[in-house]
Amino acid sequence: MKSESSHFSMGELRKTQEKSIEWAKEVGIVQMITATLADGNGGNNPTLDQVKKAADEYNKIAEVAAKAGMQQGLHNEGFEISMTDGKRTYDRLLELLDPKLVKFQFQMSTITAGLVAADYFMKYSGRFYSMHVQDVDMKGQTPPGAGGSGGRYQQVAVGKGSIDWVKTFTAAKVGGVKNYFVEQTWELTQPSVAYLKTLEV
């Protein structure tokens, strides 16, 4: 068993990046991922100027990481899936972040916000390094009181939801994805792994 990738907050990287890199090397981590650039950059509703500022800062962070032999990466959460001046912030970041320094980790559940992994892997081939494997049922909604607020799409075991996994993994191969992390509750992880073992792509 090994730890190849871990998340690091923007606050941590701003204040103690060198210390974080040292720890990562001790553990054996080679990918330092940030969940979101929202911190200090407008939260989940940034302006275009805030997006540009965030990208510039992250490129500098990634440059330090690269010199230390680390691959810096970016996940996608609220900030990234927002819209700025009529365009998806995530697409702006793919243009603004240096492809030599920053790779991307795709959150599969963001399909509920209109982000389809297969489309991104094909359009931005070589920019993605990993993905968080999850599935959601977009035909139904989570009832109130059943984990989270009502009205949200329910996360289900991989293969039981709305994501086309053959299309996704086929595109991931073309796009250069190297790591796949099942990120679900233990109850969902077990049937998800069982399904993935049977999947032929």
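The values are calculated or read from the model by the stated rules, or taken from the named source; none is laboratory data. As the structure is a computational prediction, the values presented were derived from the model and not from experiment. FYI the Cβ positions are ideal-geometry reconstructions off the backbone, even for glycines, and counts take in every protein chain you see. These accessible areas exclude ligands, DNA and RNA; they are computed on the full protein's heavy atoms, side chains included. Shrake-Rupley method; radii C 1.70, N 1.55, O 1.52, S 1.80 Å.
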Open item on the list: Just the residues that are of a type outside the set (A, V, I, L, M, F, W, C), open to solvent by less than 70 Å² (accessible area, probe 1.4 Å) and touching a helix residue (DSSP H, G or I) at 6+ places or on another chain (Cβ under 9 Å), please, taken from the range 10-30.
Closed with: E12, Q17, S20
Task: Count of the range 60-74 residues which are assigned to a helix (DSSP H, G or I) and either among the acidic types (D, E) or more than 18 Å from K15 (Cβ to Cβ) (or both) - done: 3
TODO: Go through the range 157-198 residue by residue and tally those that are among the aliphatic types (A, V, I, L, M) and modelled with pLDDT under 95.
DONE: 1
Task: Verdict on V51 being modelled with pLDDT of 95 or more and touching a Lys or Arg at 6+ places or on another chain (Cβ under 6 Å) - done: yes
Task: Check on E77, open to solvent by 10 Å² or more (accessible area, probe 1.4 Å) and either farther than 19 Å from H7 by Cβ or at pLDDT below 95 (or both) - done: yes
TODO: Need at least 2 residues that are under 23 Å from Q154 (Cβ atoms) per element, so show me which helices (runs of 4 or more DSSP H) inside the range 75-139 make the cut, counting only ones lying wholly within it.
DONE: 78-81, 117-123
Task: Within the range 31-49, considering residues that are in contact (Cβ under 8 Å) with a residue 12 or more places away in the chain and either assigned to a helix (DSSP H, G or I) or polar (S, T, N, Q) (or both), the one surrounded by the most Cβ atoms within 10 Å (Cβ to Cβ) - done: T34
- [ ] Tally the residues that are touching a Ser or Thr at 6+ places or on another chain (Cβ under 7 Å), over 18 Å from Q105 (Cβ atoms) and part of a helix (DSSP H, G or I), restricting the search to the range 156-174.
- [x] 0
- [ ] Report the residue count in the range 130-140 for those that are open to solvent by 10 Å² or more (accessible area, probe 1.4 Å) and either closer than 18 Å to T185 by Cα or at pLDDT 95 or above (or both).
- [x] 2
TODO: For K103, state whether it is basic (K, R), in contact (Cβ under 8 Å) with a residue 12 or more places away in the chain and surrounded by 20 or more Cβ atoms within 10 Å (Cβ to Cβ).
DONE: yes
